[in-house]
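Report on one structure; see the data block that follows.
The values are calculated or read from the model by the stated rules, or taken from the named source; none is laboratory data. From a predicted model like this one, the values you see are computed outputs, not experimental measurements. With ideal geometry, Cβ positions are generated from the backbone for all residues, glycine too; neighbour counts draw on all protein chains shown. The area values use the complete protein model at the heavy-atom level, side chains included, leaving out ligands, DNA and RNA. Shrake-Rupley method; radii C 1.70, N 1.55, O 1.52, S 1.80 Å.
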Amino acid sequence: MQEFIAKKNIERFRSMLQAEMDEGRRRMLEKLIEEEERILDAIKSATQSEGDQD
């Protein structure tokens, strides 16, 4: 479920970024995308680690 939410957040923030003209808000959206991508990477790493233990 967390993976799904992170992916949807990334999609939403990227969509918002395309329409945003204010440079401050663009930077904020870019940071939010980076944060969600880190979360997604952590989820994927944890899932792979669990699979390696079986």
Next on the checklist: Please report the projected area of the chain's Cα convex hull averaged over all directions, in nm².
Outcome noted: 3.6
Next on the checklist: About the Cα centre, and with charges only on the beta carbon of Lys, Arg (+1) and Asp, Glu (-1), how big is the dipole of the chain? Nearest 20 debye, please.
Outcome noted: 320
Checklist entry - Residues with beta-carbon under 12 Å from that of Leu40, excluding Leu40: net charge, scoring Lys, Arg +1 and Asp, Glu -1? => result -3
Checklist outcome for this item: In whole percent, the fraction of accessible protein surface over the chain that belongs to carbon or sulfur atoms, probe radius 1.4 Å, stands at 48
Checklist entry - Relative to the longest principal axis of the chain, what angle (0 to 90°, nearest 10) does the C-alpha long axis of helix 23-53 take? => result 10
Checklist entry - What is the packing order of peptides 41-51, 26-36, taking the mean over residues of other C-beta atoms within 10 Å and listing the highest first? => result 26-36, 41-51
